[in-house]
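The values are calculated or read from the model by the stated rules, or taken from the named source; none is laboratory data. In this text the structure is predicted, and so the values were computed from the model without any measurement. Neighbour counts are summed over all protein chains in view; Cβ atoms, including those assigned to glycine, are modelled from backbone coordinates with ideal geometry.
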Amino acid sequence: MSWRLASDAGTLELALALGAAAAAFATRPWQRGLPPAVRFLRAAAWLVLAALLAKPVVHRLESRRALPRLAVVLDAAPSMASLDDAGASRLLRAASWLKANRKAIEARAEPALYAGAGGARRLSWEDLDSLVPGRVALDAPTTLADAAAAAPPPERVWLLSDGAFDATAGPPGLAVDTLAVGPREERPGLTLAAAEAPDFVFLHSRFPVTVRVEARRLEGRTVRLRMTRGGAPAAEALLRAASPFEVLTASFTVEADQLGRQEFGVSAEVLPAAPTASEAALPRDNARSPALKAARSFAVESIRQKYRIMYLAGRPSIEYAHLRHQLKADPNHELVSFVILRNPENVSPVPDNELSLIPFPATEIFVTNLFQFDLFILENFAYWRFNLPAAYLENLRRFVSQGGALLLIGGSNALAKGGYRGTPLEEALPVSLSGAADEFTAGLVEPRLSAPEHPLLSMGLPPDEAAALWKSLPPLDGWTKFDAVKPGASVLLAHPAERTAAGGPLPLVAVREYGKGKVMLVGSDSTWRWKLGGGKDWRLGGFYARFWSRAVQYLTGSLELKKAAFAPLPDHLPAREPLSLTLRVFDEHFRPLPGRELDLRLSWERPDGSRRSPAFSEREPGVFAIELTDLAEGRHRLFAAARRGGQPWGEDSVEFRWEPPRGDAPLDRARLKALADASGGRSVELHKAGPAELLSLLPAPREEAAVAARSVAWTSNAWGWLLGALLLTEWFLRRRRGFL
């Protein structure tokens, strides 16, 4: 037994106590003329006041045996509801194991129990009987950090879990022992753990796809990975498992050859091993079980980084000069242009090899490099002049049907006069070409709006403003006659008076979807006149540039690309919460649009029809993270609407089906072992381990002095009486000796 002096005073009270003690000595020089008894009484009063402010406490200490402190964390995530091969939930098995070994644990350690999910929640032993899995996935770093921050801090942590979390490291300086809770027997198995690819890629770019496969009890066996795109084979790899548990990784490189959402599939199967001689002699009915297989799918959204444009003009013209300049000035365009300066019938006395002009590269344009472009422009180009094979136009038709864009601009040498009537390319056009000799007619014409709501003509304006803008434009010069407008085609601008041979409106601008691509036909090569209109009306100053920029976007598909888009979700979502989704918002050039410029609203429709507004955060400019909790089984729909500058900017929705954890959720032994190894702990199987093995890793019990009793002297009234007596005696002596 021993004694220790302590204090219950706070910082301010201790400071005042020190001040009182200092005053007892600081006032001595001023008291030299006073009798010694008076000076003694004054100093004693100051010291008593200092002692009273210090609030002294006397502790009686006794030696006791202190056990090491142990934090025990039970994973209470949804996956712990899975039934193992004994028919009990994993959480129930873990709680039962702790209760069965409570006496042994408390004999060797001071345990503190926690339920782990989004963080650590303190439990009592009695709470284990009513503990149920939560709806939030285990956040291992936060949970372990919460347990480590307890007072007094633990000297070791036990984590009872199935490994369904993402972390592989615990709190620094603290050993974490993991107890794997799951099936007792590990059968051969194959799991496609991940297929990682970017959510968005640029068209024509190459991007990586990383596939990870977990192979269990398949040592020495070969796993074949196959990747498909749209159901067609795309890549294949063979991997060999060398250990009882191994994560096999394969990387594929894929080219984004189509605009929009592309569906991919990944499958894995274990190839059968070569049979032994005795197995080969068995009947086929007794052959080995079928190869293990696993499959999953994912999607990638392909967007354009630059539009690759081929511009072929039949002769120099004002239209060619202005349109080429407009296309080339846009940083989002990669333009290759050719203009015919000398036709085959133009005889030159100078040999071709001495001319500064290059020969017309027809084969390179129509065959070799055609499918590298997004948009092909033919302006007033006479196909017949060059005696080109009909296969070239067939190739151009196929280019459109497979997703390319085609723009035909009329003129005196174009369309039927250019030799396109009756060719494979006419099949893709929005009109039937005319056989009339006067197919092209010169003269001014004011186009009439036939489809004011069409995205190409709306110019992003309200309908009345767009119509007024079109009406203010200068007239075009010249138009082309056609026999008819084909079914499915849209006439955007029409001649105010002329008709087709079939009696319908004569198109000046018409569009049509053909296969996966689009075709736009402009019957006049004088849209450059719209550019000059800005000189007399300021509203038309940027019209020409906006029209052709939107025309390129419309033909290549990006005009309809969503300015707000959810990242694609896998077909099979993980059965854990929270569910994380990503929303991206783009500006008019499809660059990330920061949240400070947006008013973003989200609506979540649940399977029962109820609606909520989920919270979201901006992870980086234009990228918003959404986490959904309290998920119910069934189909969910999430809708996003973005406004910019008070105007609607973009919207998107995503649907998914969520299912709670099932009984066959895999036990991730590798993750649990990685967490234990990284922290200096040990990983064991719950059904194999008794507490003795892990308890032996704890520090030995130590002797420490514990407070058995405490005496609080400063609360006694005697301190006040003593201080009063000292001050009264000091006053009496000074009065008696004449110092008052």
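Could you list all residues from region 625-649 that are under 13 Å from residue 597 (Cα atoms) and surrounded by 19 or more Cβ atoms within 10 Å (Cβ to Cβ)?
642, 649
Please go through region 321-341 and pick out each residue that is surrounded by fewer than 18 Cβ atoms within 10 Å (Cβ to Cβ) and assigned to a loop (DSSP other than H, G, I, E, B).
Across region 321-341, the qualifying residues are 330, 331, 332, 341.
Can you name the residue in region 505-525 that is part of a strand (DSSP E or B) and not aliphatic (A, V, I, L, M) and is also nearest to residue 377 (Cα to Cα) among such residues?
Result: 518.
Looking at residue 87, is it under 30 Å from residue 573 (Cα atoms) and surrounded by fewer than 18 Cβ atoms within 10 Å (Cβ to Cβ)?
yes
Residue check, residue 583 against (1) at pLDDT 90 or above; (2) touching a Ser or Thr at 6+ places or on another chain (Cβ under 8 Å), all met but one. Which one?
Of (1) at pLDDT 90 or above; (2) touching a Ser or Thr at 6+ places or on another chain (Cβ under 8 Å), only one is false for residue 583: (2).
Looking at (1) farther than 17 Å from residue 511 by Cβ; (2) touching a residue at least 60 places away in the same chain (Cβ under 8 Å), which is the one condition that is false for residue 376?
Residue 376 satisfies every listed condition except (1).
Quickly run through region 419-461 and pick out the residues that are touching a strand residue (DSSP E or B) at 6+ places or on another chain (Cβ under 9 Å), among the hydrophobic types (A, V, I, L, M, F, W, C), in contact (Cβ under 8 Å) with a residue 40 or more places away in the chain and within 25 Å of residue 474 (Cβ to Cβ).
Hits for region 419-461 are 431, 440, 445, 449, 451, 456.
If we keep just the residues of region 382-410 that are out of contact with any helix residue (DSSP H, G or I) (no Cβ under 8 Å at 6 or more places or on another chain) and not in a helix (DSSP H, G or I), which is modelled with the highest pLDDT?
Restricting to residues being out of contact with any helix residue (DSSP H, G or I) (no Cβ under 8 Å at 6 or more places or on another chain) and not in a helix (DSSP H, G or I), the top hit is 408.
Among the numbered criteria (1) at pLDDT below 90; (2) closer than 25 Å to residue 666 by Cα, which single criterion is violated by residue 231?
(2)
Restricting region 530-553 to residues that are among the aliphatic types (A, V, I, L, M) and within 23 Å of residue 406 (Cβ to Cβ), which is modelled with the lowest pLDDT?
Applying the filter and picking the extreme gives 545.
Consider residue 15 against the criteria (1) of a type outside the set (Phe, Trp, Tyr); (2) at pLDDT 80 or above; (3) surrounded by 13 or more Cβ atoms within 10 Å (Cβ to Cβ): it satisfies all of them except one. Which criterion is unmet?
Of everything listed in (1) of a type outside the set (Phe, Trp, Tyr); (2) at pLDDT 80 or above; (3) surrounded by 13 or more Cβ atoms within 10 Å (Cβ to Cβ), residue 15 misses just condition (3).
With respect to residue 474, is the statement that it is without any contact (Cβ under 8 Å) to a residue 24 or more places away in the chain and either out of contact with any Pro (no Cβ under 7 Å at 6 or more places or on another chain) or not small (Gly, Ala, Ser) (or both) true?
no
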